[in-house]
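Engineer: Take this structure first; my questions come after.
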Amino acid sequence: MGVFANEDQESSGHEQVVFCHDKPTGLKAIIGIYSTALGPALGGTRFYPYATEDDALRDVLDLSRGMAYKNALAGLDHGGGKAVIWGDPEQIKSEALLRAYGRFVQSLNGRYYTACDVGTYVADMDVVARETRFVTGRSVVHGGAGDSSILTAWGVFQGMRAAAEHLWGTPTLAGRRVGVAGLGKVGKVLTRHLLDDGAAVVATDVSEKALAWARETYPQVDLVADADALIASDIDVYAPCALGGALNDDTVEVLRAKVVAGGANNQLAHPGIEKVLADRGILYAPDYVVNAGGVIQVADEIEGFNFERAKLRANRIYDTTRDILRLADAEGVPPAVAADRLAERRMAEVGRLRTIHLS
Ligand SMILES: NC(=O)c1ccc[n+]([C@@H]2O[C@H](COP(=O)([O-])OP(=O)(O)OC[C@H]3O[C@@H](n4cnc5c(N)ncnc54)[C@H](O)[C@@H]3O)[C@@H](O)[C@H]2O)c1
């Protein structure tokens, strides 16, 4: 590993891509730093058994770029970065491997802060933290922010309220029917906020355990067979909270909701879907804007975690979503395009300030 023969990186605009290899532990990691214009890059570590090194590289390049946009619109003083560890966590994750990884993170001397992602957990970050200061998303007993899905769900709820206000004139989901696809960490907490607000919830999950939880905890939630049944049902809002790609040519065509706002990353299956949604009169609150509560939560830990402060920052997802929807109307573009423009504007305008020399 460690070959920079790939054209992807040359054309991707990344500042730095670091290949890390520690043979005895089996660690093969790639750290992607897209931009530090707004501050140290921040983004999680995905531990995943990619088929090839190219797949791992492509993923880290996409993910780190996405984090730059997410962090910019979350109002954070952080640039965008992400890391991938190539391998099956079930087979190779060990204390030594995680600590080796931590030493590579430390070697970047604060240009990149890591955190959890698919395949890595709060307990893993506690181990990584034994080798580096530049890690967040640790457990509460270690002074960390703990489970980031709490503020992710809260932020999604704020973004959904902003979309409701934009479309229906009032910032509430009361009396609306909201479809939640995926009752995992984010979907469960989101369901609670929605019910508290007076919405009716219809939900689905592929896991029998998640469905049993819903029957037991919230018997008033309507459960349907699958995501296809959910999107075809009579819902006002669709909240994808499972995997990426929920909005594709097939689903958008039959979707009955007027608003989409959910926690899942990468909801748009391919470029152009944002336009199809707009043409069908469906208001899409961009995923990376409304699901930024988690990164806001873990970024707060870097200052010494304070839940109330982090929650106040996550509240701003309401204003950001509202501004994006208004800008989209004003500029005649889909909200996803307006969001990208706002993020790029902040990276350029605030990033430029670093050219003012400080002694
Ligand atoms: N946890 C966070 O802080 C956070 C932050 C930002 C974005 N996200 C994104 O939000 C989404 C959910 O994250 P999470 O932490 O709740 O994950 P999770 O693994 O706890 O929950 C995902 C749930 O979706 C279900 N699911 C999977 N495929 C499904 C399908 N086809 N139909 C219906 N349900 C399905 C799973 O059974 C599971 O219950 C992911 O896309 C994640 O990347 C999470």
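Engineer: Quote the charge dipole size of the chain about the Cα centre in Debye, to the nearest 20; the model charges only the Cβ of Lys and Arg (+1) and of Asp and Glu (-1).
Structural biologist: It comes to approximately 1020 debye.
Engineer: Now for a separate question. Assuming R0 = 35 Å, can you tell me the calculated FRET efficiency for the pair D226 and L167, based on Cβ-Cβ distance, to the nearest 0.05?
Structural biologist: For D226 and L167, the calculated efficiency is 0.85.
Engineer: Moving to a separate point now. Quick one: of the DSSP bridges fully inside segment 1-145, what percent are antiparallel, nearest 5?
Structural biologist: 55 percent
Engineer: Further question on the same structure: Answer rounded, prolate or oblate for segment 33-144, using the Cα gyration tensor with square roots of eigenvalues a ≥ b ≥ c: rounded when a/c is under 1.5, else prolate when a/b is larger than b/c, else oblate.
Structural biologist: Note, shape of segment 33-144 comes out oblate.
Engineer: If each DSSP helix of 4+ residues adds -39,500 (n - 2.57) and the sum is divided by the residues in the chain, what number results at 222 nm, nearest 500 deg cm²/dmol?
Structural biologist: One gets -14000 deg cm²/dmol as the mean residue ellipticity at 222 nm.
Engineer: Right, something else. Rounded, prolate or oblate: which one fits segment 87-168, using the alpha carbon gyration tensor with axes a ≥ b ≥ c (rounded when a/c is under 1.5, else prolate when a/b beats b/c, else oblate)?
Structural biologist: Prolate, because a/c is 1.5 or more and a/b exceeds b/c.
Engineer: In degrees between 0 and 90, to the nearest 10, how far off the longest principal axis of the chain does helix 317-331 point, with axes built from Cα atoms?
Structural biologist: Roughly 70 degrees between the two axes.
Engineer: Run the paramagnetic zone check for D323: 7 angstrom along Cα to Cβ, then residues of segment 159-201 with backbone nitrogen under 13 Å.
Structural biologist: Hits in segment 159-201 for D323 at 13 Å: none.
Engineer: Another question, then. Bin by bin, in steps of 10 Å, what percent of the Cα pairs in the chain do you find, going until the bin that has the longest distance?
Structural biologist: For the chain, the binned pair fractions read 6, 25, 33, 25, 10, 1, 0 percent.
Engineer: Once you sort the root eigenvalues of the Cα gyration tensor of segment 173-311 as a ≥ b ≥ c, which label holds: rounded (a/c under 1.5), prolate (a/b larger than b/c) or oblate (the other case)?
Structural biologist: Note, shape of segment 173-311 comes out oblate.
Engineer: Mind listing the phi-derived Karplus ³J(HN,Hα) values for segment 57-65, rounded to whole Hz, using 6.51, -1.76 and 1.60 with θ = phi - 60°, and x for any glycine or proline?
Structural biologist: 5, 4, 5, 5, 5, 5, 5, 6, 5
Engineer: Of the accessible area of the chain, with the probe set at 1.4 angstrom, what percent is carbon plus sulfur?
Structural biologist: Using a 1.4 Å probe with all protein chains present, the chain comes out at 50 percent carbon and sulfur.
Engineer: Please compute the per residue accessible area over segment 237-359 with all protein chains in place, 1.4 Å probe, rounded to a whole number of Å².
Structural biologist: 48 Å²
Engineer: Once the dipole of the chain is set up with Lys and Arg at +1 and Asp and Glu at -1 on Cβ about the Cα centre, which of V180, L63, T36 lies farthest towards its positive end?
Structural biologist: T36
Engineer: Calculate, for A51 and R341, the FRET efficiency according to 1/(1 + (r/R0)^6) with r their C-beta to C-beta distance and R0 22 Å; round to the nearest 0.05.
Structural biologist: After rounding, the FRET efficiency stands at 0.05.
Engineer: Under 8 Å for C-alpha pairs, at least 6 residues apart: give me the relative contact order for the chain, rounded to a whole percent.
Structural biologist: Relative contact order, the chain: 16 percent.
Engineer: Just how large is the dipole of segment 1-141 about the Cα centre, in debye to the nearest 20, putting +1 at every Lys and Arg Cβ and -1 at every Asp and Glu Cβ?
Structural biologist: Rounded to the nearest 20 debye, it is 500 debye.
Engineer: Ok, one more. For C116, enumerate residues with amide H under 5 Å from its amide H, sequence gap 5+ or separate chain, H modeled in the peptide plane.
Structural biologist: Here the answer is T45, since their amide H atoms fall under 5 Å of that of C116.
Engineer: Moving on to the next point. Which lysines have a Cα lying under 21 Å from the Cα of K209, excluding residues fewer than 8 positions away in the same chain?
Structural biologist: Straight-distance partners of K209: K185, K188.
The values are calculated or read from the model by the stated rules, or taken from the named source; none is laboratory data. Since we're looking at a predicted model, the values are computed, not measured. Reconstructed Cβ throughout: ideal geometry from the backbone, glycine too, with neighbour counts over all protein chains shown. Surface accessibility is based on the protein's heavy atoms, side chains included, excluding ligands, DNA and RNA. Shrake-Rupley method; radii C 1.70, N 1.55, O 1.52, S 1.80 Å.
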